[in-house]
Amino acid sequence: MEDLERTIEQSYSSQNGQERQAATVIVNKFLQNADIPGKIRQLLQILHRSQNQFAIYFAATNLSTSLVTDLNSFQPEDRTELRKTLLNLLAQRGEQIWNNEVVRPPLVKCYCRLQKLCWFDEIKSNPEEELVQDIMEFLKHSLAHSVIGVDLLRSLVAEISKTTKGLSLARQRKISIVFREKSLRMFWKLCTDLVRKVLNTNVSSNNDVQNQQNRELQRLSLGLSNEILSFDFIGLRSNEEGDDVGIIHIPGSWASIVEDFDNIKLFFNAYNSMDTEMSRLTLETIATFASIRNS
């Protein structure tokens, strides 16, 4: 494992061009020499055993790619088990990776992409409730885990809203509609609760860990609000032409949420109460409110 970690790190960070190229060739052969199940096992082994951030990044990004290109090689039960494995890894390493911008984003993205692709694999009648409960477990624990939980919410909304290369538009739209109808309202309720909570949290200028975690929660909570309001509600994002560019169309069922003055007031209060950086993020959400049209 140490030799593999060293080679992967060289492929990303070596200042010597020849050394980096040679390491990249070795790493590519590592993946190509295994069949699909073997490759997945190897990538998971890296995630389980490695503490090297470049190795974790390598495993998570390649796993995300493989989930799409090799989707049919996974049985539904395999995808469900893999999703649980990723969730457990995020929970176990929460205290170490909450602020690691090399490790956290690819792990979160990998989980969210897998959740999207196996949306219809669940045999339970209400898989969306289990999804929210899984993420809510992060919000019940430490600030570090709360950061990861909110990032999961934000990234999942973004992942389902966008078009995933390799996934048919019909399947993409089906997943998006089911998510919109079954889960997005719950996400919005969680989001507004989170914004109210962080609005009432005293974040000082001290650069201690707790303060950094609270600021990250503020940033991600505001980002979540913008992702939800920017969601591709009615499937027009793949054909943004003409006068509708920059306009967000929502179904009639969401009109009451968008027109609720308490929601708009919440973000104006956040804009007036937070520092410059957070006020800018809040202003993006307010601008998104102004871009919404009822369809």
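Brief remarks follow.
- Residue that is farthest from residue 194 (Cα to Cα) [pool: residues in the stretch 261-295 that are free of Cβ contacts under 8 Å to residues at least 40 places away in the same chain and of a type in the set (Lys, Arg)]: 280
- Residue 42 modelled with pLDDT of 85 or more, of a type in the set (S, T, N, Q), over 15 Å from residue 111 (Cα atoms) and part of a helix (DSSP H, G or I): yes
- Selected residue (only one of 78, 151, 134 is in a helix (DSSP H, G or I) and open to solvent by less than 10 Å² (accessible area, probe 1.4 Å)): 151
- Test: residue 195 is among the β-branched types (Val, Ile, Thr), surrounded by 19 or more Cβ atoms within 10 Å (Cβ to Cβ) and at pLDDT 85 or above: yes
- The set of residues in the stretch 1-51 that are under 24 Å from the mean Cα position of the chain (by Cα) and open to solvent by less than 50 Å² (accessible area, probe 1.4 Å) comprises 39, 40, 43, 44, 46, 47, 50.
The values are calculated or read from the model by the stated rules, or taken from the named source; none is laboratory data. Computed from a predicted model, the values in this text were never measured in an experiment. Methodologically, a virtual Cβ is constructed for each residue, glycine included, from the backbone with ideal geometry; neighbour enumeration extends over all protein chains shown. When the accessible area is computed, the model is the full protein with side chains, heavy atoms only, and any ligands, DNA or RNA have been set aside. Shrake-Rupley method; radii C 1.70, N 1.55, O 1.52, S 1.80 Å.
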